[in-house]
Amino acid sequence: MGRKFFGTDGVRGRANTYPMTAEMALRIGAAVGRYFRNDGKNNHRVVIGKDTRLSGYMFENALTAGLTSTGMNVLLLGPVPTPAVGLLTSSMRADLGVMISASHNPAEDNGIKFFGPDGFKLSDVVEHEIEALIESGVELAQASNIGHAVRIDDGRFRYIERVKSSLPDALPLNGMKVVIDCSNGAAYRAAPEALWELGAEVIPVGVSPDGHNINRDCGSTYPGTAAAAVVAHGADVGISLDGDADRVMIIDEHGQVADGDQIMALFASRWAEAGRLKGGALVATVMSNLGLERFLEGKGLRLERTAVGDRYVVERMREGGFNLGGEQSGHIVMTDHATTGDGLMAGVQFLAAMAETGRKASELARNFETVPQMLKNVRFSAGQAPLEVAQVQETIRAAEATLAGKGRLLIRKSGTEPLVRVMAECEDSGLLEQTVDGIVAEIEAAL
């Protein structure tokens, strides 16, 4: 079932360029408003959060207009992390949650993510039905039934309390020096406040958003900024979030970076030892390193792989009754505490492991040796379909045959950007480089 507007994680694109225009946001707001209040009753409500992009104001207003035109009452949260929207959608008994963010993308991009009344992201089926309403148009509410919009001030504080409550009361972080890089994004206030209230000495980085600098030379996609701060301040650990704070990278006391695979390995092994890991498995995507899979097998645990996208991870977790999952890119999903990837929550859990064990970050962040992995991206323009070119397909088939029994190859279009991602793993680094570069060259030649 193909989708026209929705990608891996909501609707996303360059601001003021179709489909990320104010006009489309208005139509999308009306469509989701009609979809989630189709029972004809009143008092329906939606919560809307956003990150710090300048275009967030435009989309917030356009979505609000579309939603209220169908009778939805809108609660505006202002800048809050994406996981806060999932939490508040459920806890405030809203029918719908909306997050305006393009996550780790540059400031010129923006996106719209949706959460159902249970706080979880929408399924492909629901998104397909909403797309039909976007294209067909919807019946608007009568003048007497138009919804209202109000700003609420306590959304951030509710989220902070949820993060803090994920730790045992008897486990303060007193004396721990922590660098927190908020990527000039949605968590620029919530994350430092939460860590300080938990007792840590906080060194904030990336907490001066200006509408244009989100994710710029900072955050989980540029962890070198946090790593430099850790070393410069002699910190015990660094936590590097992305623009909407649903991803995290951990930096040890030496400035070395641990990705989502290493974080998940730590949590899975600790939870299994404590009898907390449900189903004896970790759920991750096809992008996770083969080394993680081998590590889990050595612990008697399984790795369940899904398509790329944290919502696919969550869907599998809910289907199988698992409570831990995530992505190599830093989405860490702990459904005992949150409904989606939560970078701050995962960072706090890592700090808890340090406090409980008395071990340094460097001892906890290196759980397995990675199999050499290479990922390269090829950008393409609208209307181009390089993966459908015969010569590209033949090159891919030949590469798969070469790697058979030696590694694995994964090639896919990004669901959030116009990119083809070429990823391979192989113990032979020379063969790895040759394979990836050959495919990239063929794709570029097809453009």
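The values are calculated or read from the model by the stated rules, or taken from the named source; none is laboratory data. This one's a predicted model, so the numbers in the text were calculated from it and none came from an experiment. Reconstructed Cβ throughout: ideal geometry from the backbone, glycine too, with neighbour counts over all protein chains shown. Ligands, DNA and RNA are stripped out before the accessible areas are found, and what is left, the full protein with its side chains, is counted by its heavy atoms. Shrake-Rupley method; radii C 1.70, N 1.55, O 1.52, S 1.80 Å.
Computed values, structure above
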item: Breaking point among (1) open to solvent by less than 30 Å² (accessible area, probe 1.4 Å); (2) closer than 25 Å to Gly219 by Cβ, for Leu301; result: (2)
item: Qualifying position, being surrounded by fewer than 16 Cβ atoms within 10 Å (Cβ to Cβ) and farther than 29 Å from Arg311 by Cα, among Ala355, Ala446, Ala390; result: Ala390
item: Pairs where the first residue, in the stretch 216-233, is at negative phi and the second is surrounded by fewer than 21 Cβ atoms within 10 Å (Cβ to Cβ) and in a helix (DSSP H, G or I), C-beta under 7 Å, 6+ apart; result: Cys218/Thr225
item: Among the residues listed as Ala281, Ala307, the single one being buried (at least 19 other Cβ atoms within 10 Å of the Cβ) and of a type outside the set (Asp, Glu); result: Ala281
item: Selection within the stretch 54-72 - buried (at least 21 other Cβ atoms within 10 Å of the Cβ), outside any helix (DSSP H, G or I) and touching a residue at least 60 places away in the same chain (Cβ under 8 Å); result: Thr70, Gly71, Met72
item: Tally of residues being open to solvent by 10 Å² or more (accessible area, probe 1.4 Å) and touching a residue at least 40 places away in the same chain (Cβ under 8 Å) across the stretch 236-264; result: 8
item: Residue check for Ile146: aliphatic (A, V, I, L, M), more than 21 Å from the chain's Cα centre (by Cα) and within 16 Å of Arg45 (Cβ to Cβ); result: yes
item: Odd one out for Phe267 among (1) touching a residue at least 60 places away in the same chain (Cβ under 8 Å); (2) closer than 30 Å to Glu127 by Cα; (3) open to solvent by less than 10 Å² (accessible area, probe 1.4 Å); result: (2)
item: Scan of the stretch 88-108 for residues that are open to solvent by less than 50 Å² (accessible area, probe 1.4 Å) and either of a type in the set (Ser, Thr, Tyr) or in a strand (DSSP E or B) (or both), ordered by number; result: Thr89, Leu96, Gly97, Val98, Met99, Ile100, Ser101, Ser103
item: Flag for Ala424 being surrounded by 15 or more Cβ atoms within 10 Å (Cβ to Cβ), modelled with pLDDT of 90 or more and not in a helix (DSSP H, G or I); result: yes
item: Residue check for Ala31: in contact with a helix residue (DSSP H, G or I) (Cβ under 7 Å, 6 or more places away or on another chain), hydrophobic (A, V, I, L, M, F, W, C) and more than 15 Å from Phe115 (Cα to Cα); result: no
item: Residue match in the stretch 55-67 (condition: more than 30 Å from Phe380 (Cβ to Cβ), acidic (Asp, Glu), at pLDDT 95 or above and touching a strand residue (DSSP E or B) at 6+ places or on another chain (Cβ under 8 Å)); result: yes
item: Residue match in the stretch 395-404 (condition: without any contact (Cβ under 8 Å) to a residue 60 or more places away in the chain, more than 29 Å from Glu427 (Cβ to Cβ) and surrounded by 16 or more Cβ atoms within 10 Å (Cβ to Cβ)); result: no
